[in-house]
Amino acid sequence: MDKLKTASWFIFIISVVSIVYALVFNPAVWIVYTIALLFIPLSILSFGLLSMARGKKEEEEDKRREPFIGY
């Protein structure tokens, strides 16, 4: 889970930085299109993974007490 969380943070930060770059520095049109097609969906995906990675306190306690039985 930590690898997924770390990768999601890394992708989210890269996505936000690239989107801000496209907004501030006004690069060539094809670069803006590439950023829009790649990094906007990746930022939404990584933000979703980050929000789902956080569990409730009760769920974490239940996971510690019970063995993994599969979901």
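The values are calculated or read from the model by the stated rules, or taken from the named source; none is laboratory data. These numbers come from a predicted model, not from an experiment. Using ideal geometry, Cβ is built from the backbone for each residue, glycine included, and neighbour counts are taken over all protein chains shown.
For Ser8, the test of being touching a residue at least 40 places away in the same chain (Cβ under 8 Å) and either assigned to a helix (DSSP H, G or I) or more than 9 Å from the chain's Cα centre (by Cα) (or both) is passed. Find the residue count for region 24-71, including only residues that are at pLDDT below 90 and exposed (fewer than 13 other Cβ atoms within 10 Å of the Cβ). Here the count works out to 22. Out of all the residues in region 39-53, is one or more hydroxyl-bearing (Ser, Thr, Tyr), without any contact (Cβ under 8 Å) to a residue 12 or more places away in the chain and in a helix (DSSP H, G or I)? There is at least one residue in region 39-53 that is hydroxyl-bearing (Ser, Thr, Tyr), without any contact (Cβ under 8 Å) to a residue 12 or more places away in the chain and in a helix (DSSP H, G or I).
Note on region 32-49: among residues that are aromatic (Phe, Trp, Tyr) and within 16 Å of Ile13 (Cβ to Cβ), the one that is farthest from the chain's Cα centre (by Cα) is Phe39.
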